[in-house]
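The values are calculated or read from the model by the stated rules, or taken from the named source; none is laboratory data. On a predicted model such as this, the values are computed, not experimentally measured, just so you know. Positions of Cβ are generated from backbone atoms using ideal geometry, with glycine treated the same way; all protein chains shown enter the neighbour counts.
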Amino acid sequence: MKRFFLIAVGIVLLMIAVTEQPLKAQIYGEYDTVKVVQPSDPIGYIQLTSPSVISAIDFKKPSAPNLPPTIVDRDNGYYKAQLGFSFEYNGEVYSEVWVCVNGFVTFSQPVYVESTDPEGLFKFGSSYQINVIAPYWGNHFLVTAQDTVAQGVNRHLPGQISYKTEGVEPNRVFTVQWKNLYINLQTPLLPGQLPPLKNGIGNFQVKLYECPDPYSRQGDIEFCYGQVEGNPYTTEDQVITRDATVGIKGETNVRGSFADFMNALYFDQAWTTTDDRNYSPDSTRIGLKKTNAWQPSGGSDTRIHYYALARFQAERYWGDGDADMSKLLGRKHGAFGETQNRYVTFNDARVIVRSVVTMKQLDSVRRRSAYHGDVNHDGRYFYRDTGIIKSKVNPLLDSLDPNTGDPVQGTKKTALDWKNVYYGDSLSYVTVKDPMGIDTVVPTKINTLKMVFFMANEQDAAWILEYMKGSVESLPWLLDTTVRHGKIGINEDPATNIIAGMAERLEPNKYIFPVYLNGVIDGPLSFRFDVNGKVTGVTVDNQDGNILTADYENNIAALAGSGSFQSDVPIAIVTVTTDKPELLLSNIRFRGIETGRQTIYLTDIEETDNNGELLLQNQPNPFTSRTVISLNIADEGMYRIAVYDALGNKVRTLFNGSLNAGPYALEWDGTDDGGNALSNGAYIYRLTGQNVSASRKLMLNK
């Protein structure tokens, strides 16, 4: 049976000594890390001993399109070599590769058009080879000993292309070696003609590493580089090292005529600096850099290393809750195998919520983090052609191709809303809004499962917490509800959104406000929102058997939980900083559904000019059990001081009667008029009487 995967790896530069310096973590969709690793062994390029040498007459090219290679061609031909183990690449598992004279290997049948253009690494089309691993793609030529027989003293150096599988299962390594290959010919050779530069030779290798994980066959890839020149039979000293390409390539296009490639020559943007703000992960996917100096890796003691991202390959594990991939071999729960209640933990919910607030989406490739975290199977998406051609005329409306500046077909991230058991179902059509805002069914044009990606959000994290609480028996959970005992009260509606309570000013430009529900929930709970400021804290209270986790970053806050929640008890206390007169909560998503925006008017409760004389700030504030409110009464008369909740409801009258002029102190214990303990949150206390009114805010945080 054909199995689909998507290649995704990380580039690592191998150098000397035994230290490790991480430079960039969790690059969306492609990398695990980009780092500088410095082991003592192996050191760069090590020549193979006793390899299997490929005879020049065994390199062949196709005689016609879609036919296997049959025509001898030691200039641009291919040779099929056995790996000796299973190796997964770009969605399929292989046991053999085609080795091309022009400095690459491919897992797909060679195309009819000769692959002399190194930019074939970047291009998509029937004329360009697909599924390529290219340590040094260029227009190269293999010189044989027979070529040099009649040359005399000043002659070419015979080259050799060979391969070898070393090691023992499950840690075998397959190496292809291009030795003394004449590289980067600037013009095609005529029949019988040899390369013009007798010293224009290079040495390099590609290594494919067997994956020891029984649930994956996608191993690491390395590029190693020896020396150039070195022909002892000539005094020439010229070699061309420019304009080759180095990287890997898949089989589809992702941006118009551009292929899904990863250019290895952009690792230097990371490893030359410890400031990862200078590193652009997109460079490897869109950058068209070609070689200049030798070695492409930076030295003969270094290697370019593609580090395969981990994933659990079994088909049945879509939405199993293992968002942190802890059940993989060698990880925290790898020893427990497929026992779900061992590998699904609180940390899985935490990493999902963290990805929401940081906007660093979990790895979206099938069978990786988001695939496992999508526990309610609503996270599939793809990139749909919009039919809009991005235009140079209006660059503000549509951006251009980042490489060429040319107009390209527009695409849009589009959700696949069906909750299927199998991720390959219901992929043919999708409902979208037309220009008039009317729902329209359109074909997806999905022709390979590699076009389907996955995401997990805070509601998935809530379902994971539901599983941990024992409210659902297993994950994935495709229903929107769970079975609960009891019933909702007559005046209690199910919650459909959050309510942002009244904010209290802690200090200039710093506020704290409670978040309530507009109803009750018994089950999974989640929300996320943006603010027009900066979130500096989110506090939750894991009491009464509820489980909650919250996180924040910059202007985003998110929460996931499981339990029984009421409308009169805040589910979170949020601290923000802003210099705006009002706090805007936007992009609110409640239990996975977008619910719009809300506004908190930070000046609604004005602290009047005579507050400092009449009504002092309570101490302490915030308080846990008791706080003292101090008054300064100027004129004898009738006064009332009362406490109101964030929605304006009076909850406690502290005093209502006659007062003489002078100072007073009132204590409040955080209870209402009935002696019931009030929930955490913001409250207002107001003094009225004798034609005066003063208000202040306080915070109860038990």
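Restricting segment 119-160 to residues that are under 26 Å from Leu208 (Cβ atoms) and among the aliphatic types (A, V, I, L, M) leaves a set whose member that is surrounded by the fewest Cβ atoms within 10 Å (Cβ to Cβ) is Ile130.
Just a yes or no: is a residue in segment 557-574 part of a strand (DSSP E or B), in contact (Cβ under 8 Å) with a residue 24 or more places away in the chain and of a type in the set (D, E, K, R)? Among the residues of segment 557-574, not one is part of a strand (DSSP E or B), in contact (Cβ under 8 Å) with a residue 24 or more places away in the chain and of a type in the set (D, E, K, R), which makes the answer no.
When segment 421-469 is limited to residues that are at pLDDT 90 or above and part of a loop (DSSP other than H, G, I, E, B), the one that is nearest to the chain's Cα centre (by Cα) turns out to be Met455.
Does Pro42 qualify as being closer than 21 Å to Gly219 by Cβ, more than 23 Å from the chain's Cα centre (by Cα), modelled with pLDDT under 95 and surrounded by fewer than 19 Cβ atoms within 10 Å (Cβ to Cβ)? Criteria met by Pro42. Total residues in segment 196-221 satisfying the condition of being of a type in the set (D, E, K, R), at pLDDT 90 or above and either in contact with a Pro (Cβ under 9 Å, 6 or more places away or on another chain) or under 28 Å from Ile130 (Cα atoms) (or both): the figure is 2.
The set of residues in segment 215-249 being aromatic (Phe, Trp, Tyr) and crowded, with 20+ Cβ neighbours inside 10 Å consists of Phe223, Tyr225.
Considering the conditions (1) within 17 Å of Ala244 (Cα to Cα); (2) in contact with a strand residue (DSSP E or B) (Cβ under 9 Å, 6 or more places away or on another chain); (3) among the polar types (S, T, N, Q); (4) at pLDDT below 95, Asn131 is excluded by exactly one of them, (1). Checked against the criteria, Gly681 does not count as closer than 23 Å to Leu506 by Cβ, modelled with pLDDT under 90 and exposed (fewer than 12 other Cβ atoms within 10 Å of the Cβ). Name the one entry in Gly662, Gly670 that is in contact (Cβ under 8 Å) with a residue 24 or more places away in the chain and under 47 Å from the mean Cα position of the chain (by Cα). The match here is Gly670.
For segment 155-184, the set of residues classified as at pLDDT below 95 and out of contact with any Asp or Glu (no Cβ under 8 Å at 6 or more places or on another chain) consists of Arg155 only.
The test for being touching a residue at least 40 places away in the same chain (Cβ under 8 Å) and touching a Gly at 6+ places or on another chain (Cβ under 6 Å) holds for Val228.
You will find that of Ser562, Ser567, the residue that is hydroxyl-bearing (Ser, Thr, Tyr) and either modelled with pLDDT under 90 or closer than 30 Å to Arg640 by Cβ (or both) is Ser567 and no other. Looking at segment 228-241, can you tell me whether even one residue there is under 24 Å from the mean Cα position of the chain (by Cα), hydrophobic (A, V, I, L, M, F, W, C) and modelled with pLDDT of 80 or more? Within segment 228-241, none of the residues are under 24 Å from the mean Cα position of the chain (by Cα), hydrophobic (A, V, I, L, M, F, W, C) and modelled with pLDDT of 80 or more. Residues considered: Gly523, Gly537, Gly561. Of these, the only one that is surrounded by fewer than 22 Cβ atoms within 10 Å (Cβ to Cβ) and of a type in the set (Gly, Ala, Ser) is Gly537. Does Leu525 qualify as being in contact with a Phe, Trp or Tyr (Cβ under 8 Å, 6 or more places away or on another chain) and either closer than 16 Å to Gln459 by Cβ or in a loop (DSSP other than H, G, I, E, B) (or both)? Answer is yes for this residue. The strands (runs of 3 or more DSSP E) found wholly in segment 54-116 and carrying at least 1 residues that are modelled with pLDDT of 95 or more and out of contact with any Ser or Thr (no Cβ under 9 Å at 6 or more places or on another chain) occupy 78-89, 92-100, 104-106.
Residue-wise test of (1) outside the structural domain of Val569 (by TED's automatic domain parsing); (2) at pLDDT below 90; (3) not aromatic (Phe, Trp, Tyr).
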residue	(1), (2), (3)
Val628	yes, no, yes
Gly637	yes, yes, yes
Tyr644	yes, yes, no
Asn649	yes, yes, yes
Ser658	yes, yes, yes
Leu666	yes, no, yes
Asp672	yes, no, yes
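Considering segment 382-404, the residues that are more than 21 Å from Phe122 (Cβ to Cβ), out of contact with any Lys or Arg (no Cβ under 6 Å at 6 or more places or on another chain) and at pLDDT 50 or above include one that is surrounded by the most Cβ atoms within 10 Å (Cβ to Cβ), namely Phe382. Each residue in segment 492-519 was checked for being under 18 Å from Ile573 (Cα atoms) and in a strand (DSSP E or B), and 15 of them qualify. The number of residues in segment 528-553 being more than 18 Å from Ile499 (Cα to Cα), assigned to a loop (DSSP other than H, G, I, E, B) and acidic (Asp, Glu) comes to 1.
Just name the residue that is nearest to Trp294 (Cα to Cα) out of those in segment 167-214 that are small (Gly, Ala, Ser) and buried (at least 21 other Cβ atoms within 10 Å of the Cβ). Once the filter is applied, the top-ranked residue is Gly202. The set of residues in segment 648-668 being surrounded by 13 or more Cβ atoms within 10 Å (Cβ to Cβ) and either among the aromatic types (Phe, Trp, Tyr) or not in a strand (DSSP E or B) (or both) consists of Phe655, Tyr664, Trp668.
For segment 190-210, the tally of residues that are part of a strand (DSSP E or B) and either not assigned by TED's automatic domain parsing to the domain that holds Phe174 or not β-branched (Val, Ile, Thr) (or both) stands at 7. Here Gly675 fulfils each of the conditions (1) in a loop (DSSP other than H, G, I, E, B); (2) under 26 Å from Gln566 (Cα atoms); (3) in contact (Cβ under 8 Å) with a residue 12 or more places away in the chain apart from (3).
For the structure I just gave you, tell me whether Lys164 is closer than 21 Å to Glu236 by Cα and surrounded by 16 or more Cβ atoms within 10 Å (Cβ to Cβ). No. Looking across segment 131-161, the residues that are in a loop (DSSP other than H, G, I, E, B) and within 17 Å of Val239 (Cβ to Cβ) come down to Gly138, Asn139, His140, Leu142, Val143, Asn154, Arg155, His156, Leu157, Pro158, Gly159.
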